[in-house]
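Visitor: Mind looking over this structure? Questions follow.
The values are calculated or read from the model by the stated rules, or taken from the named source; none is laboratory data. These figures come from a predicted structure and were not determined experimentally. A quick note on method: Cβ atoms are made from the backbone with ideal geometry, for glycine too, and the neighbour counts reach across all protein chains shown. SASA here: full protein model, heavy atoms, side chains in, ligands and nucleic acids out. Shrake-Rupley method; radii C 1.70, N 1.55, O 1.52, S 1.80 Å.
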Amino acid sequence: MDSLTCTASDLVPLLSSSTNATALASFLCARFSTISSQLSDSTHAIDNTYLLFSAYLVFAMQLGFAMLCVGSVRAKNTMNIMLTNVLDAAAGALSYYLFGFAFAFGAPSNGFIGRHFFGLKAYPSPDGDYSFFLYQWAFAIAAAGITSGSIAERTQFVAYLIYSSFLTGFVYPVVSHWFWSGDGWASPILPNNLLFDSGAIDFAGSGVVHMVGGIAGLWGALIEGPRIGRFDRAGRSVALRGHSASLVVLGTFLLWFGWYGFNPGSFLTIMKGYGGGGGYYGQWSAVGRTAVTTTLAGCTAALTTLFSKRILVGHWNVIDVCNGLLGGFAAITSGCSVVEPWAAIICGFVAAWVLIGFNMLAVKFKYDDPLEAAQLHGGCGAWGLLFTGLFATKAYVNEVYPELSGRPYGMFMGGGGKLLAAQIIQILVITGWVTATMGPLFYVLKKMNLLRISREDETAGMDLTRHGGFAYVYHDEEDISMRPAFMMTKIEPNNASPSTDGQRSPSNV
């Protein structure tokens, strides 16, 4: 490669006569080519570093999932739930490496499933580097982690391994191929696709990640049934509280932090100008805007949940606030890059009520999800897709998806109902696909007695019966599953003397 340095002594001999004009042009062009090559290398290096950093943030969400799950279950199942979170990442890495990435992004392929890059063969390619694989793997294991929360405290260990490998190696990759790859039948980056020639907009995965994980968890929890003691003999709901609100809050903050890799990182690159370039506004601005919309949606959902639950149940509940915050994040994930910040506030407000409503339905139909994962990720994820179809702005849609001119945008922003129809179809397709794949899997596991643990193991706790002992000393006084079906209590005599004015004394109030 030619040197970037250029001095007067280099040019003087070339300017001595007109016969050296060609030599001068070659000299200058060589220097410019060198500058262009090094700028191109720098762009690739910066973009790859940005994507790697985003992948690290998304992977850190696994720690957030682990802490959230641990705090939301009873102490007797601590080691079990932590181990399942570790294995979601470990088993998911191998299955995604061997099969999942090829099914998702193995181009060239058909509109249904990828067919190249198995075991990263012939990869990297001009269209992607190792950083892209790592980023997409972090997304895949996030979907598996969502499902593990729905079936916590009652699922056999082997079932976790089977469903996690199947979800990350086949079910999730097929969905991500449909909506994210360059060949997917509903991908917005594929011109003339099968979904109105424009595709659905699911920028960071309200549907692809959150709905897939949430619906898979829904079927797992439905087929397994509720935990022992979750509903009494009269069918009334009994709260089986998690043992550590501190861990729930810690996990929530870790997930919040990781979401800044999840949503802004989904641009994949940052060194890209918009318009003529050379100004202050470019993809780096869109990345910042995406972080802002993500923040506003989550915070609005948290505050809405705080005051709504105060009205409904009469107290301030930090666990509900944390779940509301995450529901807002799950909802904004679809349209975070194509909506205005003010619209993100609407997204978060509605997401909070979607979560509250689905939780009420869960109690009514005796559905037990220890982490509210199906309601949160499935319900709020579906709302996020609808929200994008309503509020996506024309300018931002054209910036983020420049492959098609005249692309439809949000109905409430003057773009008609075409995008909203595409979003509804995405919801139906994802629901049908996950139901058709994960539902039968959980049913077969149940028939083979590989899904749910025994009643005795569930009552004693899996840490003791399956993992060699408890994680730490604890007392589950409120664990209804540890009590006999019928209990008698001794009535102590009341030694307090009645008050002179005929009212109860403070000790009896």
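Visitor: Tell me the label-point distance for the pair Asp129, Glu403, using the 7 Å Cα-to-Cβ offset, in nm and rounded to one decimal.
Guide: So the two model labels end up 2.2 nm from each other.
Visitor: Further question: Could you tell me the calculated FRET efficiency between Ala291 and Arg31, based on Cβ-Cβ distance and R0 = 41 angstrom, to the nearest 0.05?
Guide: 0.60
Visitor: Return the distance in nm (one decimal) between the two label points of a simple spin-label model at Lys364 and Leu161, each offset 7 Å from Cα along Cα→Cβ.
Guide: 4.1 nm
Visitor: Which pairs break 30 Å Cα to Cα here: Lys76/Lys446; Lys309/Lys418; Lys366/Lys418; Lys309/Lys446; Lys364/Lys446?
Guide: Those over the limit are Lys309/Lys418; Lys366/Lys418; Lys309/Lys446.
Visitor: At 222 nm, what value in deg cm²/dmol follows for the chain if DSSP H runs of at least 4 each add -39500 (n - 2.57) and the sum is divided by all its residues, to the nearest 500?
Guide: -18500 deg cm²/dmol
Visitor: Separate question: Express in Å², to the nearest 10, the accessible area of Tyr130 obtained by rolling a 1.4 Å probe over the protein heavy atoms while all chains stay in place.
Guide: 120 Å²
Visitor: Related question: Can you tell me the alpha carbon radius of gyration of the stretch 174-322 divided by the globular rule-of-thumb value 2.2 N^0.38 Å?
Guide: The value comes to 1.41.
Visitor: At 1.4 Å probe size, put Lys121, Lys366, Lys76 in order of accessible surface, largest to smallest.
Guide: Result of the area sort, largest leading: Lys121, Lys366, Lys76.
Visitor: Can you give me the C-alpha center-to-center distance between the stretch 383-422 and the stretch 220-269, rounded to a whole angstrom?
Guide: So the two Cα centres are separated by 31 Å.
Visitor: Okay, next question. Could you sort Phe349, Phe103, Phe166, Phe442 by accessible area so the largest value comes first, with the probe set to 1.4 Å?
Guide: Final ranking, largest accessible area leading: Phe349, Phe166, Phe103, Phe442.
Visitor: Could you give the dipole magnitude of the chain about its Cα centre, charging the beta-carbon of Lys and Arg +1 and that of Asp and Glu -1, in debye to the nearest 20?
Guide: With Lys and Arg at +1 and Asp and Glu at -1, about 1080 debye.
Visitor: Same structure, new question: As an exercise, find the ratio Rg/Rh for the stretch 353-479 from alpha-carbon atoms, using the Kirkwood inverse-distance average for Rh.
Guide: Using only Cα positions, Rg/Rh for the stretch 353-479 is 1.17.
Visitor: On to the next question. Among 62-69, 41-48, how do they line up from the highest to the lowest mean number of other beta-carbon atoms within 10 Å?
Guide: In descending order of packing, they fall as 62-69, 41-48.
Visitor: Counting only protein heavy atoms and using a 1.4 Å probe, what share of the accessible area of the chain belongs to carbon plus sulfur, as a whole percent?
Guide: With neighbouring chains kept in place, the figure for the chain is 66 percent.
Visitor: Mind checking which of Val429, Gly100, Gly314 is farthest towards the positive end of the chain's charge dipole, using Cβ charges of +1 (Lys, Arg) and -1 (Asp, Glu) about the Cα centre?
Guide: Selected residue: Gly314.
Visitor: Determine the gain in length on full extension of the stretch Asn110-Leu268; use 0.36 nm per residue of separation and subtract their C-alpha separation, reporting nm with one decimal.
Guide: 54.6 nm
Visitor: Next question. With every protein chain left in place and a probe of 1.4 Å, what is the accessible surface of Thr295, to the nearest 10 Å²?
Guide: For Thr295, solvent-accessible area is about 40 Å².
Visitor: Once the convex hull of the alpha carbons of the chain is built, what does its volume come to per residue, in cubic angstrom?
Guide: Given the Cα convex hull of the chain, per-residue volume reads 215 Å³.
Visitor: Follow-up question, since we're still on this one. Using the alpha carbons of the stretch 165-219, what is the convex hull volume per residue in cubic angstrom, as a whole number?
Guide: Spelled out: Cα convex hull of the stretch 165-219, divided by residues, is 76 Å³.
Visitor: Roughly how many Å² is the accessible area per residue of the chain, as a whole number, for a 1.4 Å probe?
Guide: 45 Å²
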